[in-house]
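The values are calculated or read from the model by the stated rules, or taken from the named source; none is laboratory data. The structure displayed is predicted, hence computed values, not measured ones. Note that each Cβ is placed from the backbone with ideal geometry, even for glycine, and that neighbours are counted across all protein chains shown. The protein model used for the area step is the full one, side chains on, heavy atoms only, and it has no ligands, DNA or RNA in it. Shrake-Rupley method; radii C 1.70, N 1.55, O 1.52, S 1.80 Å.
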Amino acid sequence: MRDAFVKPLLEWYSENARDLPWRHTTDPYRIWISEVMLQQTRVEAVRKYYRRFLEALPDIRSLASCPDDRLLKLWEGLGYYSRARNLKKAAQIICSEYNEQFPADQKELLRLPGIGSYTAGAIASISFGTKIPAVDGNVLRVYARMLCMEENILLPAVRKKAEADLERVMKILPEAGIMPPQSQEENAAGCFNQALIELGALVCVPNTAPSCGICPVKDECSAYERGMTEKLPVRIKENGRKIVKKTVLLVQTVDGTAVRKRPARGLLAGLYEFPNEDGWLTSEEVIAYIEKNGYDALRVRPLPTAKHVFSHVEWHMTGYEVRAVRSDGAGQNKDWIFAEAEQLEELYPIPAAFSAYYSHIMYVKPADRADNG
Ligand code: ADE
């Protein structure tokens with residue numbers, strides 16, 4: 001990798017960097033929260049969560065002592081809840097072992113739960129000015145195109161090579177790099193990493209749409225030179241995901257909609273969900289299921305299908321809205337909690353996997369339900 005791309009890249013970044021909330025700070029706590037949120041979520045969506053999260057939990061200590069339900073509620077909608085749990089675990093370690101001070105050292109950062117080489121690189125460079133790269137999917141794409149590299153970028157060896165190459169380039173960064181306007185401190189390492197991320201997000205975008213015409217580093221880009229940008233990078237995924245069929249039920253009584261807490265271990269542990277059963281149930285099977293749980297179904301209405309993709313599993317869901325009353329016979333299922341829409345929103349963290357069904361109840365006013373009951 002030639003070094004000549006660095007200057008035009010930093011110049012471009014200084015003029016084109018988006019004004020994002022986490023670019024007004026070098027506080028490692030804030031950088032960490034933003035980077036973890038950004039791992040699986042789009043920038044525009046993160047803005048809102050970032051602000052709300054930091055208002056509620058402004059420092060490491062408040063995160064370390066935050067009750068799980070409150071933390072998961074703050075994270076609700078971002079998905080991948082293990083990220084939130086790891087944040088809290090890491091915050092507890094930083095409080096107990098590092099006197100509430102974020103470690104600056106990459107190796108120490110890598111010891112913390114949920115911090116891998118990308119996040120460690122981002123925190124170390126943006127907050128502490130350390131010259132180590134932060135290689136995420138955006139950066140790998142830029143790198144593969146610049147080198148016209150046809151290897152599979154999902155292979156760990158390719159990432160390692162990118163990290164080694166970029167680290168070498170960073171070592172030659174001038175002490176005072178070219179700064180973006182909103183940067184408060186001169187930090188060439190942080191700017192360099194963010195500039196590569198930004199280039200990948202705004203210009204060197206995936207698939208057939210890169211805007212090579214406006215790219216500041218096209219003269220240094222081998223894929224551009226060889227007309228290969230649209231074919232790169234190569235990503236070969238081994239999709240070993242399991243498909244699980246589910247039926248999700250919005251069971252509604254005069255007391256609201258039923259939710260239950262998920263088990264303390266495993267997928268989406270400790271979050272709340274609408275009652276659901278594996279497999280796709282017919283309406284007759286739904287009526288029988290409702291009865292088994294101590295309710296009589298007055299009306300059963302099918303809802304659209306929905307899909308949610310986790311890292312190892314895909315849920316292929318169908319659903320029913322069930323208007324129900326307590327039955328006189330069998331006892332009611334004690335795990336079912338009935339709550340109105342406002343209570344659901346305030347008290348029960350329901351993962352994004354159920355959002356297709358969650359949004360459905362948000363549109364059905366209690367008064368309408370009572371009329372139909
Ligand atoms: N994606 C990952 N990290 C980012 C950052 N710091 N700014 C914008 N997008 C990002």
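Worth a mention:
- Considering each residue of segment 196-211 in turn, at least one proves to be part of a loop (DSSP other than H, G, I, E, B), within 15 Å of the ligand (Cβ to nearest atom) and modelled with pLDDT under 95.
- Residues located in segment 120-133, provided they are within 16 Å of the ligand (Cβ to nearest atom) and not in a helix (DSSP H, G or I): Gly129, Thr130, Ile132, Pro133
- Some residue of segment 223-237 being of a type outside the set (Ser, Thr, Tyr), more than 28 Å from Val169 (Cβ to Cβ) and either at pLDDT 90 or above or assigned to a loop (DSSP other than H, G, I, E, B) (or both): yes
- Residue count for segment 92-119, restricted to those that are in a helix (DSSP H, G or I), open to solvent by less than 30 Å² (accessible area, probe 1.4 Å) and more than 13 Å from the ligand (Cβ to nearest atom): 2
- Looking only at segment 4-24, and only at residues there that are open to solvent by 40 Å² or more (accessible area, probe 1.4 Å) and part of a loop (DSSP other than H, G, I, E, B), the one that is farthest from the ligand (Cβ to nearest atom): Asp19
- Taking segment 25-77 as the region of interest, the helices (runs of 4 or more DSSP H) fully inside it that hold 1 or more residues being among the hydrophobic types (A, V, I, L, M, F, W, C), free of Cβ contacts under 8 Å to residues at least 60 places away in the same chain and under 23 Å from Gln343 (Cα atoms) are 43-56, 68-75.
- Residues of segment 308-343 satisfying the condition of being of a type in the set (Ser, Thr, Tyr) and assigned to a strand (DSSP E or B): Thr318, Tyr320
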